[in-house]
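Below is one structure, written out as structure tokens; the observations come after it.
Please treat every number below as a calculation from the coordinates, not as lab data. Everything numeric in this text was worked out from a predicted model, so none of it was measured. For neighbour counting, all protein chains shown are included, and Cβ atoms are generated from backbone atoms with ideal geometry for every residue, glycine included.
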Amino acid sequence: MSASVITRLSAMSRWQPDARGRLARAALDLYEEHGFDQTTTAQIAERAGVTERTYFRHFADKREVLFDGSSLLEDRLAEGIGQPPATETPFAVAREAFARMASALEDRGDFARRRAAVVAATPRLQERELLKLTTLRDAAAAALGLRDVPEPTASMLAEVGVAAFRVGFEAWVSGGHGRPIADEVRAAFDAIRDAVA
């Protein structure tokens, strides 16, 4: 075995905390430096100081490293829709639930901005992003249904919520208004409400 291989294996054999977070940061760095298609999972693992096998313990493929936490957003959205009193209108419930869900991203602003640029530059990642948004839409529609919001109203309101989330997210990552992401999402909901009033 060469000295460089021994050195690399010895560096990887020391346990370091937060392998998942280190993998996400390493992947984003490499995607920015070399592009998504030119980066391999082996390169990500090496940059993070873990083995490629460890990479695959955390992520199914090299796209998923950028979509970690999607299920947390779905859970937070469903919880937010289920909590308000029955006297709240479905629109008000969805507005606040999507805003509260979005606030989970607030402390990850720099990562989210960089990630958005990588996704925008990569069609395969754009496809995965749309799938994530579809899953959020379905979670919202199901949660609204549990509040006895009938179809097709629940599905249409879920679509509105996803649209408001996308617009709010894009405004937030661009830094245009300097507002928290939750306020950007609320503003997008308000613009939709005002347009149809």
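In terms of surrounding Cβ atoms within a 10 Å radius of their Cβ, 33, 52 rank from fewest to most as 33, 52.
Can you give me the angle between helix 123-146 and the longest principal axis of the chain, using Cα atoms only, in degrees from 0 to 90, rounded to the nearest 10? That helix lies at roughly 40 degrees to the long axis. Extension gain, residue 196 to residue 107, is 28.7 nm, computed as 0.36 nm per intervening residue step minus the present C-alpha separation.
For helix 70-82, what angle does its Cα long axis make with the longest principal axis of the chain, in degrees from 0 to 90 and rounded to 10? Result, in degrees: 20.
For the chain, what is the mean residue ellipticity at 222 nm derived from helices alone (per DSSP H run of n ≥ 4: -39500 (n - 2.57); sum divided by total residues; nearest 500 deg cm²/dmol)? Result for the chain: -23500 deg cm²/dmol, rounded to the nearest 500.
With +1 on the Cβ of every Lys and Arg and -1 on the Cβ of every Asp and Glu, and nothing else charged, how large is the dipole of the chain about its Cα centre, in debye rounded to the nearest 20?
Magnitude of the dipole: close to 680 debye.
Compared with the dominant principal axis of the Cα atoms in the chain, helix 153-174 is inclined by about 50°. Just going by the charge dipole of the chain, with Lys and Arg at +1 and Asp and Glu at -1 on Cβ, which of 77, 112, 99 is farthest out on the positive end? Farthest along the dipole direction, towards plus: 112.
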